[in-house]
1. Of the residues 207, 195, 142, only one is modelled with pLDDT of 95 or more, surrounded by 20 or more Cβ atoms within 10 Å (Cβ to Cβ), within 26 Å of residue 61 (Cα to Cα) and small (Gly, Ala, Ser); which?
2. Working only within the stretch 172-204, note down all residues that are more than 18 Å from residue 155 (Cα to Cα), of a type in the set (D, E, K, R) and in a helix (DSSP H, G or I).
3. Determine whether residue 167 is without any contact (Cβ under 8 Å) to a residue 24 or more places away in the chain and either not assigned by TED's automatic domain parsing to the domain that holds residue 77 or not polar (S, T, N, Q) (or both).
4. Which pairs do you get when a residue that is in the same structural domain as residue 179 (by TED's automatic domain parsing), found in the stretch 200-216, comes within reach of a residue that is small (Gly, Ala, Ser), reach meaning Cβ atoms under 6 angstrom, with the pair 6+ apart or on two chains?
Amino acid sequence: MRRRGRSKARRRSFVWLRRIALVVVIAGLMPIAVTLLYMPSAIHPISTLMMKDLATFSGYDRRWTPIDQIGDRLKHSVVMSEDGQFCSHRGIDLGEFRALFDDFLAGEATRGGSTITMQTVKNLYLWHGRSYIRKAIELPYAVYLDLVMPKRRIMEIYLNIAEWGPGIYGAEAAAQHHFGKSSRDLTARQAALLAVTLPSPLTRTPASPGPGLNRLAATIERRANHAGDYVRCLR
């Protein structure tokens, strides 16, 4: 009787493990399928943070804007601030990734290191906060996203789902909220200030920057003014 009981318990455990594995596989494949649904420009994806705001009845401000209607100054500033190799890498900046991996092996504090493609994957499908597990999941999804989706579409989605403050998502809502104007009408400095806000949108205020944020913005403004081939894929 004891052997039968143990055998039944093992079978039940196996059934539950198989179910859990199936759920994990389905969850892993969902972003691959959903990415294909996000290919058409008529589809306006929302981020996991926006989903959370909806679920908690917090609400948010997002004004979807086609990439051609987002100001070049802001697009160029975001590329030069967040991912200067966006137009040339295949979802992962291998040079930056090697440097981050070396820092990790050496036990040193790591930088962000995420490409715009990786940030788009995180915003669309994953959770926020620092996590090596999440970073490992981001990598194959970023390669896949870059493989199947044009760079302009990746940037269009990113600029419309990136967080720019509590409940503020996307370039147009950010420009209106912080500067009271459309993203097309931003000055070079205002565009740079919005770009350098992205790494920490809950603690940085582009409309009233401190000396440190102003210094960062000045650097990005200079780089954006000479972006050249760095932004060729957005033309």
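1. Working: 207 fails: surrounded by 20 or more Cβ atoms within 10 Å (Cβ to Cβ); 142 fails: within 26 Å of residue 61 (Cα to Cα).
Going through 207, 195, 142 in turn, just one is modelled with pLDDT of 95 or more, surrounded by 20 or more Cβ atoms within 10 Å (Cβ to Cβ), within 26 Å of residue 61 (Cα to Cα) and small (Gly, Ala, Ser): 195.
2. Result: 185, 189.
3. Values: without any contact (Cβ under 8 Å) to a residue 24 or more places away in the chain: no; either not assigned by TED's automatic domain parsing to the domain that holds residue 77 or not polar (S, T, N, Q) (or both): yes.
Answer is no for this residue.
4. These pairs meet every condition: 201/165.
The values are calculated or read from the model by the stated rules, or taken from the named source; none is laboratory data. None of the values given here were measured: they were computed from a predicted structure. Ideal geometry is used to build each Cβ from the backbone, glycine not excepted, and the neighbour counts take in all protein chains shown.
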